[in-house]
Amino acid sequence: MVAFEDHFWGDKNAGYDVLYHNMKYGSNASKELADFIRDRASVEESYVKSLQKLARSATSVTQLGSFDPLWGVLRVSTDKLASAHQQVIQKLHDLMKELKDYGEKQKEKHKTAKEKFSSTAEIVQTIQTMTAALQKANENYYARCQDVERCRKDGSNAKDIEKAELKMKKAAEEYKGVVERREIIRNDFHYRMADTSKKFQKIEEEHLKSIVGHLESYIDAHRAGQSLIKQVHDEFQGQLSSMTVDRLLEQFVRGKGTGTDIPDVVPYEEYTMHLSNNTSPSSDNIPANHLQTQKPCPEGMLVHNVTGSLELNNRN
């Protein structure tokens, strides 16, 4: 496994600063993830509203005849789909709350870490200062040495050579002093930086485990939603399979049928009357049903007599 304590040294001793800011970026990561999940929940909410609106519009549809039972199944299935997505939304909102709480805990943790690692931050600044001083002392010492060499080559007088040598010795002593002081600081820096790197790594490992865990919860929320959605579709498919054409026709007949009695044949019945100027028809010669329905004929109308011949009604 990779170890931070092996990879954050370097000439400029900038490893601590990189590790510290990486820890701070963890807060941004949790916030950005929470914002992403919030936006994802908004997408689900818009979809749920559309499904609910669609289901409501389906309720108002009437006059579908024998297809009506299947339409009811479709409407109920759409309602259930909206409910399944609503459960996903609830899980996403719960996850957002968890991330918000995690972000607050991170802030406290980072504040504590900053105080705890303050001595390391100080020693980093010290060794950076000492490294710069060492470079300067080194350059000054080498410059004095070159001055001595030049005086000797140029055949300068003994006094100038001695003066140059004194400056060289002084620069050498200063250089050695800086080297010794830096070594003391370097040892302290090495110990503190190695220890702090391990602690930074532990913080980062815990952070990544937490973030990965939240992402797994995000996946689980959608997986659970997909499982519910699959159940809705499977139920819809089962109901659709059970509602065969024969069953739909049977339901239609049961609910809308108007009866099973077929009308009987009604025979033609001839209408006969026995009417004259002075006599009334005899009840003996007129069927009973004709007596009940017989009406006087208007004047001048042709009627059948008993023998079937026509005569004119000349009643006054």
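Okay, here's what the table says:
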{"item": "Candidate set: region 24-71, residues that are polar (S, T, N, Q) and either touching a Gly at 6+ places or on another chain (Cβ under 9 Å) or closer than 25 Å to Lys100 by Cα (or both); chosen: the one surrounded by the most Cβ atoms within 10 Å (Cβ to Cβ)", "result": "Ser30"}
{"item": "Check on Ala58, modelled with pLDDT under 95 and under 30 Å from Gln106 (Cα atoms)", "result": "no"}
{"item": "Test: residue in region 143-161 that is at pLDDT 95 or above and closer than 30 Å to Glu98 by Cα", "result": "no"}
{"item": "Members of region 72-108 found to be open to solvent by 50 Å² or more (accessible area, probe 1.4 Å), more than 15 Å from Gln231 (Cβ to Cβ) and either among the hydroxyl-bearing types (Ser, Thr, Tyr) or in contact (Cβ under 8 Å) with a residue 24 or more places away in the chain (or both), listed by number", "result": "Leu74, Lys91, His93, Glu98, Lys100, Lys107"}
{"item": "Those residues of region 228-275 which are open to solvent by less than 70 Å² (accessible area, probe 1.4 Å), of a type in the set (A, V, I, L, M, F, W, C) and out of contact with any helix residue (DSSP H, G or I) (no Cβ under 8 Å at 6 or more places or on another chain), in sequence order", "result": "Leu275"}
{"item": "Meets criteria (hydrophobic (A, V, I, L, M, F, W, C) and either under 14 Å from Tyr20 (Cβ atoms) or open to solvent by 30 Å² or more (accessible area, probe 1.4 Å) (or both)) for Ile211", "result": "no"}
{"item": "Subset of region 142-174 (residues that are within 30 Å of Ala14 (Cα to Cα) and either touching a residue at least 40 places away in the same chain (Cβ under 8 Å) or open to solvent by less than 60 Å² (accessible area, probe 1.4 Å) (or both))", "result": "Ala143, Ala171, Ala172"}
{"item": "Options Lys153, Lys109; residue that is charged (D, E, K, R) and within 30 Å of Gly177 (Cβ to Cβ)", "result": "Lys153"}
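The values are calculated or read from the model by the stated rules, or taken from the named source; none is laboratory data. Everything numeric in this text was worked out from a predicted model, so none of it was measured. Heads up, the Cβs are rebuilt from the backbone with ideal geometry, glycines too, and the neighbour counts pull from every protein chain shown. These area figures cover heavy atoms from the full protein model, side chains too; ligands, DNA and RNA do not enter into them. Shrake-Rupley method; radii C 1.70, N 1.55, O 1.52, S 1.80 Å.
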